[in-house]
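Bear in mind that the values in this text are calculations on the coordinates, not laboratory data. All figures in this text were calculated on a predicted structure; none of them were measured in a lab. Don't worry about glycine lacking a Cβ; one is built from the backbone with ideal geometry, like all the others, and counts go over all protein chains shown.
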Amino acid sequence: MSEKPVISNTSPLVILDDRDARRYAERIGLPFTGTVGLLLEAKERDFIDAIKPLLNVLLENGIRLSPSLINDALQQAGETDETT
């Protein structure tokens, strides 16, 4: 297995979950993603096998994620009940 860079110096990316911070980043043209987007990217790059257990840990620790965000993320990750 070859080494995969975790961070690329060519395109900075900020991880933001706060709605106001995301709006500001969008306004000034700063690329961003959220925690769920980061998990999806990690799965796509084969750093993790599944996002569902990690989403559950976030929820168990008081992180608020909307049901629609969870469902969309699981669908993107191929982890919906219909696909498993």
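Some points to look at:
- Annotation: extensible slack from residue 58 through residue 13 equals 14.1 nm (criterion: 0.36 nm per residue apart, minus Cα-Cα distance).
- In terms of Cα atoms, the Rg and Dmax of the stretch 14-76 work out to 12.4, 34 Å.
- Taking amide H positions as modeled 1.01 Å from N, with prolines and chain starts lacking one, no residue 5 or more places away or on another chain lies under 5 Å from residue 79.
- The peptide list 52-65, 31-44, put in order of mean Cβ contacts within 10 Å with the highest first, becomes 31-44, 52-65.
- Two-site label geometry, residue 26 and residue 71: point separation in nm, points 7 Å out along Cα→Cβ: 2.1
- Lys, Arg +1 and Asp, Glu -1 on Cβ, resulting dipole of the stretch 14-76 about Cα centre, debye, nearest 20: 180
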